[in-house]
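No value in this document is a laboratory result; all are computed from the given coordinates. Keep in mind that this is a model prediction, so the values were computed, not measured. Because the Cβ atoms are built from the backbone with ideal geometry, glycine has one as well, and the counts that use them run over all protein chains shown.
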Amino acid sequence: MSTLEGLKEIENWEELFDMTNEYLTFLVEQHRVTHDMIIKTTYDIIRNAGYSYTYDDIEREYYNGF
């Protein structure tokens, strides 16, 4: 993970990825939601929320959990 001072920690990655998947499924047809879309959208969401994770951090967490 990134080691920036003041880094907010995410407690429940599985729930975050599930919520992102539900959000994307609402926007597009379910069979069109890809792993890359979930990772990129999750990255955008947490960056906008002030977290300092990198795209690679998000991708690593996603594939470690699934």
Exercise for the section: Give the number of residues within region 24-53 that are part of a helix (DSSP H, G or I), under 12 Å from the mean Cα position of the chain (by Cα) and among the aromatic types (Phe, Trp, Tyr). Expected result: 1
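One line per residue, one yes/no per condition, for (1) among the charged types (D, E, K, R); (2) more than 23 Å from LYS8 (Cβ to Cβ):
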residue: MET19; (1), (2): no, no
residue: LEU27; (1), (2): no, yes
residue: THR34; (1), (2): no, yes
residue: ILE38; (1), (2): no, no
residue: ASP44; (1), (2): yes, no
residue: SER52; (1), (2): no, no
residue: ASP56; (1), (2): yes, no
residue: GLU59; (1), (2): yes, no
residue: TYR63; (1), (2): no, no
